[in-house]
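A.B. asks: This is the structure I have questions about; it appears just below.
The values are calculated or read from the model by the stated rules, or taken from the named source; none is laboratory data. It should be emphasised that the depicted structure is a prediction, and the values quoted were computed from it without experimental measurement. Virtual Cβ from ideal backbone geometry, glycine too; neighbours counted across all protein chains shown.
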Amino acid sequence: MKYLSVVLVALFFVSCIPLQIAPNFEGGKIFPPKKLKKQLPNNYVYAFEDPKDANEFFRYMNAKFQILYDDATGNIPIIIDAQTYYLTFYEVERSTKTVNLIPMAIDAGLEEKGLGPVLESAHETRVGKWFIALTITDEALLDALKPEYQNHPKVLAYADHMRTEYLNTVHYIEVYLKSKPSK
């Protein structure tokens, strides 16, 4: 009995073992290549958490640039400081995944007594977060988000302004009217 109580107390203190942890940061952040998600291109990415519904960023980009975004090419021409750059964006899910030992121990005890597991759905917990990841390259296909890039501060300011505009806009017609060229 003494050993069983020691094991139960130990399990209580380490009952959740994180297998994967989603990043948690305020505002936007630059990640080195392949650091946020391995499937992204081998460029630096500017990422921020997306609290809006799925495909909202697509609607925002379509309103802002009056284009239909093409997943195959993904390069949207933008002008920063009178120079043309190409922006590509991705919706990325990162999740926090944990293994819960107490429900596993309870189910193991029940199985020893010939009963089926009752807490099987609680063995693992997964909570996902969605992020928007932007890559920006210049006309020579150089990574403009790389910290050593010559115009990096202005490119970073543009990406941060885009994040703020997206998160603060409710109706994308506002973005469309602001960005529509006047004749």
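A.B. asks: Looking at I67 and the list (1) modelled with pLDDT of 75 or more; (2) in a loop (DSSP other than H, G, I, E, B), which single condition is not satisfied?
C.D. replies: (1)
A.B. asks: Output the residues belonging to the stretch 128-164 that are of a type in the set (V, I, T) and in a helix (DSSP H, G or I). Spell out how you get there, then give the answer.
C.D. replies: If we filter the stretch 128-164 for residues that are of a type in the set (V, I, T), which is where we start, we get 132, 135-137, 155, 164.
Of everything in the stretch 128-164, those that are of a type in the set (V, I, T) and in a helix (DSSP H, G or I) turn out to be V155, T164.
A.B. asks: Right, another one. For the stretch 9-27, state whether one or more residues are modelled with pLDDT of 70 or more and in contact with an Asp or Glu (Cβ under 6 Å, 6 or more places away or on another chain).
C.D. replies: We begin by selecting, within the stretch 9-27, every residue modelled with pLDDT of 70 or more; these are 25-27.
In the following step, the residues that additionally are in contact with an Asp or Glu (Cβ under 6 Å, 6 or more places away or on another chain) were identified as none.
There is no residue in the stretch 9-27 that is modelled with pLDDT of 70 or more and in contact with an Asp or Glu (Cβ under 6 Å, 6 or more places away or on another chain).
A.B. asks: What is the one condition in (1) closer than 24 Å to Y44 by Cβ; (2) at pLDDT below 90 that S121 does not satisfy?
C.D. replies: Result: S121 fails condition (1) only.
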